[in-house]
2 protein chains.
Amino acid sequence: MSSAGKPLLGGIEAGGTKFVLAVGYSPTEIIERHEIPTRDPATTLAQASEWFEGQGAISTLGIASFGPVDLDPSSPHWGHITNTPKAGWAKCDLAGYFASRFGVPIGFDTDVNGAALAEYQHGAGKGASSLAYITVGTGIGGGLVHDGRAVHGAAHPEMGHIFPRRHNDDHEFAGICPHHGDCLEGLTSGPAIKARWGASLSELPADHIAHEIIADYLTQLAHSLIAMTAVEIIVFGGGVMKTDGLLERVDRRATELGAAYFPGGSKHKIVSPGLGQNAGLAGALMLAADL
Amino acid sequence: MSSAGKPLLGGIEAGGTKFVLAVGYSPTEIIERHEIPTRDPATTLAQASEWFEGQGAISTLGIASFGPVDLDPSSPHWGHITNTPKAGWAKCDLAGYFASRFGVPIGFDTDVNGAALAEYQHGAGKGASSLAYITVGTGIGGGLVHDGRAVHGAAHPEMGHIFPRRHNDDHEFAGICPHHGDCLEGLTSGPAIKARWGASLSELPADHIAHEIIADYLTQLAHSLIAMTAVEIIVFGGGVMKTDGLLERVDRRATELGAAYFPGGSKHKIVSPGLGQNAGLAGALMLAADL
């Protein structure tokens, strides 16, 4: 199957809650899209494969996955999920499963690196030198693109696990991160917000202190990213960011914290995803296209 | 002048306290080295030029400078120091001065990016994917190299200006950063240590709480760098780091803070400069060699 001779690409945004599947001729030309809930690996991967089999022959497949994952091309565990606490998924060989099922080359990266690549190339980062994509939802993660490439380092970023300075009116809550307690994810993820205030952020009244506290912690991530990497565009996505006014609070507070010091000046921008809900999926298709 | 036909490179590590000058045939083959104190720009740049004129004809010159600096190749102010508080040096056209004086191509970056490049290529980072070089002295700065290139982003990192979480026994001191008060530099630079305890860290008794507090703040920089960029090697240099036991404390505390969570695992290392005091100067020569 091809359009004007273009090969058909497959893409999987592998999330902890759902798998989003697509085929298309480029990251922005999606032909078919399908969602399945994330169950145990055997069930989920079989369902995903069945859907792709109904779409015609894909030439390559890109997987943008929840993590932690192994991204080391020289590792025997490349393309595996590693030590996730998500039941059954630790050591799951995602890339290997689809490679043997479809016999095509597999592109593989984290979901947030995929989203960052897609936003950099086709979304909020067009023309910029660098972009970070942060998701604030069930967990908090971030991907970073500099000069067109996802930053891997020794493995991949785990941005949710920095320790923000505690807000003056928020010293009681111990945080829910099983590894770090009151790291950013432990304080500011959707489940952390529910655990402390019994509701999602968007359900809390507009004058509830939660709005200020959560914005303050997320701003510290943005501020640190600018200080450490001088990243130009910071995209905030994920369920918690749908809260009215949150992005604007983070943007305003980042300006206060920076105190007009950083040499990048007004080049630094804090924005919503240009690709809306499709950043991760477009990223998966980019991983397929770049093979 | 040449050795086996190699062109002669010039290098300047332009610091706020001193300029270190060198000529050599490669970043690790330094022929002559010379230091001059940093006075006003006119005096300092003239003295530097006179020294180079006595060394024979250089083919290119690399400058690794204190900042903030303009690194945007499309900017009319490329190669300038920008808004430094250091008297007389704001808007100094470092690259332009030497380009017109010597008529050779100029390489230009921050002092810490230069040091990071040199450590990555010739020092503590040999064989690694990525490296950060942090200097803790009069100020705190950091440079970052991923996949062989210095990370610039919208301008360049200013790592000293993150906000570490305050240590439990350290809530009084307001910090000395004129921009951010108790940011990392405001709490942990050499002058900040002097301002609060009346002595340098190495002069304070081994059981003084200062050792634990300073190590804790520097560890938070290392932890955040790993979380945000997954950087493999973190090199700590600068005067404050000469304090006995400080690097070991930071390394130990980073292991505690990370809680064995990061997927890079034991690849992440916190070390002293492999090039000793010459990281910045070798970096300047790399900037010259890469033209």
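Filter the stretch A:127-148 down to residues that are in a loop (DSSP other than H, G, I, E, B), surrounded by 18 or more Cβ atoms within 10 Å (Cβ to Cβ) and within 11 Å of chain B (Cβ to nearest Cβ), then give me how many there are.
Matching residues across the stretch A:127-148 total 1.
Let's see how each residue does on (1) touching a Ser or Thr at 6+ places or on another chain (Cβ under 9 Å); (2) touching a residue at least 40 places away in the same chain (Cβ under 8 Å); (3) within 12 Å of chain A (Cβ to nearest Cβ); (4) within 25 Å of B:Ile209 (Cα to Cα):
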| site | (1), (2), (3), (4) |
| --- | --- |
| B:Ile234 | no, yes, yes, yes |
| B:Gly238 | yes, yes, no, yes |
| B:Glu248 | no, no, no, yes |
| B:Arg252 | yes, no, no, yes |
| B:Glu256 | yes, no, yes, yes |
| B:Tyr261 | no, no, yes, no |
| B:Ser266 | no, no, yes, no |
| B:Gly274 | no, yes, no, no |
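Sort through B:Ala230, B:Ala260, B:Ala254 and tell me the only one that's in the same structural domain as B:Val151 (by TED's automatic domain parsing) and at negative phi. Step through it out loud before you land on a result.
On the way: B:Ala230 fails: at negative phi; B:Ala260 fails: at negative phi.
Step by step, each of B:Ala230, B:Ala260, B:Ala254 is checked, and only B:Ala254 is in the same structural domain as B:Val151 (by TED's automatic domain parsing) and at negative phi.
From B:Ala57, B:Ala90, grab the single residue that is part of a loop (DSSP other than H, G, I, E, B) and away from chain A (no Cβ under 14 Å). Please lay out each step first, then the result.
Numbers: B:Ala90 fails: away from chain A (no Cβ under 14 Å).
Being part of a loop (DSSP other than H, G, I, E, B) and away from chain A (no Cβ under 14 Å) holds for just one of B:Ala57, B:Ala90, which is B:Ala57.
Given B:Ile270, B:Ile226, which one is within 14 Å of chain A (Cβ to nearest Cβ) and not in a helix (DSSP H, G or I)? Write out each step before concluding.
On the way: B:Ile226 fails: not in a helix (DSSP H, G or I).
The conditions single out B:Ile270.
Given the criterion in contact with an Asp or Glu (Cβ under 8 Å, 6 or more places away or on another chain) and of a type in the set (Ser, Thr, Tyr), identify the matching residue among B:Ser202, B:Ser189. Break it down stepwise before answering.
Values: B:Ser189 fails: in contact with an Asp or Glu (Cβ under 8 Å, 6 or more places away or on another chain).
Answer to the selection: B:Ser202.
Please go through the stretch A:273-288 and pick out each residue that is crowded, with 20+ Cβ neighbours inside 10 Å and assigned to a helix (DSSP H, G or I).
A:Asn278, A:Ala279, A:Gly280, A:Leu281, A:Ala282, A:Gly283, A:Ala284, A:Leu285, A:Met286, A:Leu287, A:Ala288
Whether any residue in the stretch A:149-170 is assigned to a helix (DSSP H, G or I), facing chain B (nearest Cβ under 10 Å) and touching a residue at least 40 places away in the same chain (Cβ under 8 Å) is what I want to check. Full working, then the answer.
Filtering the stretch A:149-170 for residues assigned to a helix (DSSP H, G or I) gives A:159-161.
In the following step, the residues that additionally are facing chain B (nearest Cβ under 10 Å) were identified as A:159-161.
Still in the running and touching a residue at least 40 places away in the same chain (Cβ under 8 Å): A:159.
Scanning the stretch A:149-170 turns up at least one residue that is assigned to a helix (DSSP H, G or I), facing chain B (nearest Cβ under 10 Å) and touching a residue at least 40 places away in the same chain (Cβ under 8 Å).
The values are calculated or read from the model by the stated rules, or taken from the named source; none is laboratory data. Since this is a predicted model, take the numbers as computed values, not measurements. Counting neighbours? That spans all protein chains shown, and the Cβs are built from the backbone with ideal geometry, glycine included.
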